[in-house]
Amino acid sequence: MLDAQGQHIRLNHAREYLRQHFAIDAGLDNMDFRPLGSDPKQVDNETRAQCREQMSACRERAHETLSGLIGGAKISVWRETDEGGMGVAAPTWARAAFDGQDCQRADKLYFATSDWETLLPKLTSPESRRYFFEQRTNPPLPSRSTNGNAKQFAGATCFDLANQSNLDGLGEWCLCFQAVRRLHQRLKDDVGDSDPAPWIEMAEWPDNLETLKWNARTGLTFRRALLTGNLKAYYLEDDGEQLVPGWAWANEHAAGEAMHAISLPSDPFLSGFSPHDLRVYIRRTELEAWLQRSDVTSADDLPNLPMAYDAASKPEPITYSEPPQKPFVDLTEAITWTAFRVAMSRDVFMLGEHYRFGPFEADDYSAKLDLAVRDFAAKAGGGLIRVRGRNAPAFYDRQSEAAGTSDLTDNQLRDFARYDLTHGGLLFGTGWVRLGDPIDSRRDGWRDVEVSRADLIKAFPAQDQEARVFSTPIPASLPEIGTVMPLHEALSWLAHGKPSHDIEIWQNAAGGWIFRDPSGAVIKPHVDGSHPPIIETYRQASRTLHSALRDGSLLSYVAPASGTPLQVPRLYWNGVNPESLRYAYPGVTPDYHGAGCPVLLSRQSFDAWRAAISPIKAPEKTRLSHGYVVNWCKHWIESGNGNGMDKAWQDFQATPEHHGLSRDDVFRPAWREAKTR
C-alpha cells in the first residue's frame, strides 16, 4: 500500500478509501452490499442489489473526484521510474493513465502521503471519518508500527495485534482479512526471530526481504488450512451460511484478494458456480479452535500446498463458448474467441486476466493473445472482416465526445492495430494493451468497436462438433439406462478390444503429414493405394456397429446439459455413412435440442451385444518390407525408449499389423541393422 519508506500511497488504494467514505455517507456498509449497521444475515437479495447499484455510484464518484484533482494539477501524482525510483508524472499523462487503466491499472501511480493526509479531510465528512476510525479495524491511512510488528501482506498491512489477543466485538463472524491478522500474530509469537520463510533466498529478493518472507509464510499457512479443511470459510446467504469450497483457495491470486480485502473473486469459467455475494466470513469459534492447534505454525511442508480436500467436486471449466448470436459482437469477444475459442465480455476478460482464471491460468495465454491479435489484424486489415466503431480524439478521456458509428477502412485497421481489450477499443500501433503499459503520446482511437460475427466465424471457424466430442465431458450414467459410453469408445472396443487406440498425427518441416500408431511406428500408405490394415479394421467395426444401430439391436442416446436424456431416432442412422459414423448428433437444425451432443450407448447393452457377435476380423496382412521394420526399430530407439530388444519386440507386437511376424527371422535382423546405423 505504501512504498518502502512510507512516503507514497498507491492511487488506486486512495480511490478505494474514498469510495468507502462515500459509501458510509450514503448509508452503506463500506465493506459489504448492505445498509450501514444491518445484520448481513437479515439482508435480502433485492436490498443487496439496490446497495450494489449505490456502491457503484460511490465508486464512480470517487474516481471522478480524483480524476478531476489530477487533471487540474491540484495534487501531484508520482510514478515508478524504470530505475525503480519515483518521479513526478505530468498531469495530463497521469489523468489519462488513471482514467484509462481502471482499478488494477493504476498500480504504478502514487500520491505523496503528506498530500493525501491533507486532502482527505477536505473530501470526506466528519461522520464517515469518525465511523471509519472508531468502528473498523482497517483505518484508511495505516501508520507503520514502531516495534516492527507491521508486515506488508498482499498489499495490505498486517498491523501489530499485541493489544488484540482476541476478536471480541466482531460477533459470531469475522471477515477473512481479520482472521489473517489473528494468524499473523500467532505466527509472530511462535516464530519469533527465526526465519519465517527459509525457502526464499536473499539473493533472489534483495529488497524488502523480511516483508516478502512474512507475506509468504502468513498466506501459505492460511491457504493450507482452507485447502485441507482444517479451517472453513463461508458465504452468508439469506437462508444461512454457504460453505466456500476448499478448491476455491487453490488460486493464489483470488485467495490473496480475500486475505487482504474482503471478497473472494468467483471464477467465471466454472459452470454452475456463482455465489450471489462474494464476501467471505469465518466463524470466530472455529478460527480460535484452529489457532490453538499445535501444527498451525508448522512450516515443514511449505511452500508446497496440498490438493484441496474437495478437488473432485470442482465444476468442469468452460473451454468452449461461441460469440453471442447477433450480427455484431464486441471487439473483446472477437479477440478472445480467436485466441481461446471462448468468447468473453470485457468484464470477464479483466477478471480472468487479473486473477488468472480459466484460459489465463496457462503460462502461454499472453502468447496466444499475441497470435490472435496479429491474425485478426491481418485479416481485418485485408478486408476479410467488417469492423465498425466510434472515432474518439481522446480515447481515455471519458468527457470527450466520440463521433457516430462508422465502418473502419482497411488502412485504418492497419494503423489502429493496438487492441485495448478492457475497453473494447483500438489505438494507434500494434499488439494489445497489457497491465501497466504506458499510455502512448497519441491519444486518438476508436471506441465501442464491434466485429461482424459472420465474418469472424468465417475467418476463425467454430470448433467442429465432431472435434468437440473428444473434449466434452459425458455423464457417467443416465437414469433408467445405466452407465454409458461414447461412440468412439465402442468402435475401439470392436476394432481392437480396448477402449482407445489413438493415432498420432505430425506435420514435418516440409509440410507433409506423418501418422504413427500407438507404439510410435509410422503408418505408411500401401504402394497399390489401398488403406493400411488399421483403417480397414475401423471400417469393418463401423459397418458392424452401424448395422446394429440401424436395425435397432442397439439404442443410442444424447444427454443435453439441460433437460432429460433423449433417444436418437433409429431412422437417423439410415442417412449416416456406415463406414464413417458421426460421433456427435447433428440434430434437425443447429439449435435443435440435443444438437452437438456426443452419441452415447448403454455400456451394459453394448457389452452384451458385442459378446454375441463374431469378432471383427483383421484384414489380410501384407508383407512388410525389411526396410519398414528397420525404420520402426530406429524410430523406437531415437524416441528414448531404451535399447533393449525385448521391450522393443513387445511394443512392436502391440500393433495388429505386426502380428504373426517372426521375432528371429524378421525382427532380430532389422533390430541389429537399426542399432548399427
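Read the figures in this text as sums done on the coordinates, not as results from a lab. Here the structure is a predicted model, which is why all the values come from computation and not from measurement. All Cβ positions, glycine included, derive from the backbone under ideal geometry; neighbour counts span all protein chains shown.
The table below lists the values:
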{"quantity": "Listed peptides 21-27, 335-341 by packing density, highest first (mean Cβ within 10 Å)", "calculated": "335-341, 21-27"}
{"quantity": "Interchain or long-range residues, amide H under 5 Å from VAL77's placed H", "calculated": "ALA89"}
{"quantity": "Dipole in debye (nearest 20) - the stretch 626-676, about Cα centre, beta carbon charges: Lys, Arg +1; Asp, Glu -1", "calculated": "140 debye"}
{"quantity": "Amide H within-cut-off set for TRP432, under 5 Å, with H built and near neighbours excluded", "calculated": "TYR419"}
{"quantity": "ALA454 versus THR47: modelled label distance in nm, points set 7 Å from Cα along the beta carbon direction", "calculated": "5.2 nm"}
{"quantity": "Taking the stretch 626-676 and dividing mean pair separation by its residue count, relative contact order in percent (alpha carbons under 8 Å, at least six apart)", "calculated": "61 percent"}
{"quantity": "Too-long pairs where the Cα-Cα distance tops 32 Å, listed order kept, from LYS368/LYS675; LYS326/LYS368; LYS368/LYS647", "calculated": "LYS368/LYS675; LYS368/LYS647"}
{"quantity": "Local electrostatic count at LYS368 - Lys and Arg +1, Asp and Glu -1, tallied over other residues with Cβ under 13 Å", "calculated": "-4"}
